[in-house]
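Undergrad: The structure follows.
Bear in mind that the values in this text are calculations on the coordinates, not laboratory data. It should be emphasised that the depicted structure is a prediction, and the values quoted were computed from it without experimental measurement. Positions of Cβ are generated from backbone atoms using ideal geometry, with glycine treated the same way; all protein chains shown enter the neighbour counts.
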């Protein structure tokens, strides 16, 4: 079965190619790019919509931005289909952003997550050090959305069971 996001991206790429064949890329180049774009737009839209409906839009947006930046820089496990990725990431990020966390727990858990970062991430040492310092600074600021975004990313560093 074809992934629904990939299917929509392929059909959209075909429509774009037919409407302007001389000035567009091949379907093989456009389709994966559109899949990634649709995945990102749907995931961001779902998460922000959930944040808006629960009256926590700003903290959800900050947590999402932190998670996305960490995700790009620190890597982590990936799901097999774009649709599954959209649904799982949306629910995961929203669920983590809804967790109430006390300053004491942020201070206790931050060093553990920094250790996980250094042991599990495939990012370069300078990138790991930058995020480690950012989280150490957050131990002073004690801003929960920043901590939760980092914590959520650290949880994706553990490999999936096969």
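Undergrad: Tell me the mean residue ellipticity at 222 nm calculated for the chain from its helices only (DSSP H runs of n ≥ 4, each -39500 (n - 2.57), averaged over every residue, nearest 500). Intermediate results must be reported in sequence, preceding the final value.
TA: Working: 7 runs with 124 residues, N = 162.
Value at 222 nm, helices only, nearest 500: -26000 deg cm²/dmol.
Undergrad: Quick one: pull the percentage of alpha-carbon pairs in region 67-162 with a separation above 17 Å.
TA: So the pairs more than 17 Å apart make up 49 percent of the total in region 67-162.
Undergrad: Between residue 130 and residue 91, what's the calculated FRET efficiency when r is the beta-carbon distance and R0 is 30 Å? Round to 0.05. Walk me through the numbers before you get to the answer.
TA: Working: r = 29 Å, r/R0 = 0.96.
Result of the calculation: an efficiency of 0.55.
Undergrad: Output the relative contact order of the chain, whole-number percent, from Cα pairs under 8 angstrom with separation of 6+ residues.
TA: Once normalised by length, the contact order is 27 percent.
Undergrad: Once fully extended, how much extra length lies between residue 141 and residue 107, figured as 0.36 nm per residue of separation less the alpha-carbon to alpha-carbon distance?
TA: On the way: separation 34, 0.36 × 34 = 12.24 nm, distance 1.04 nm.
11.2 nm is the gain from fully extending residue 141 to residue 107.
Undergrad: How much length, in nm to one decimal, is gained on full extension between residue 155 and residue 55, taken as 0.36 nm per residue of separation minus their Cα-Cα distance? Before the final figure, lay out the partial values.
TA: Values: separation 100, 0.36 × 100 = 36.00 nm, distance 2.54 nm.
Using 0.36 nm per residue and subtracting the Cα-Cα distance, I get 33.5 nm.
Undergrad: Return one number: the angle in degrees, 0 to 90 and rounded to the nearest 10, between the long axis of the Cα atoms of helix 125-141 and the longest principal axis of the Cα atoms of the chain.
TA: 60 degrees
Undergrad: Let me ask another. Using the alpha-carbon centroid of each, what span in Å lies between region 1-19 and region 84-139?
TA: If we compute the Cα centre of each part, the gap is 35 Å.
Undergrad: Let me ask you something else. In Å and on Cα atoms, what radius of gyration and Dmax does region 58-119 show?
TA: Spelled out, the Cα radius of gyration and Dmax of region 58-119 are 13.1, 38 Å.
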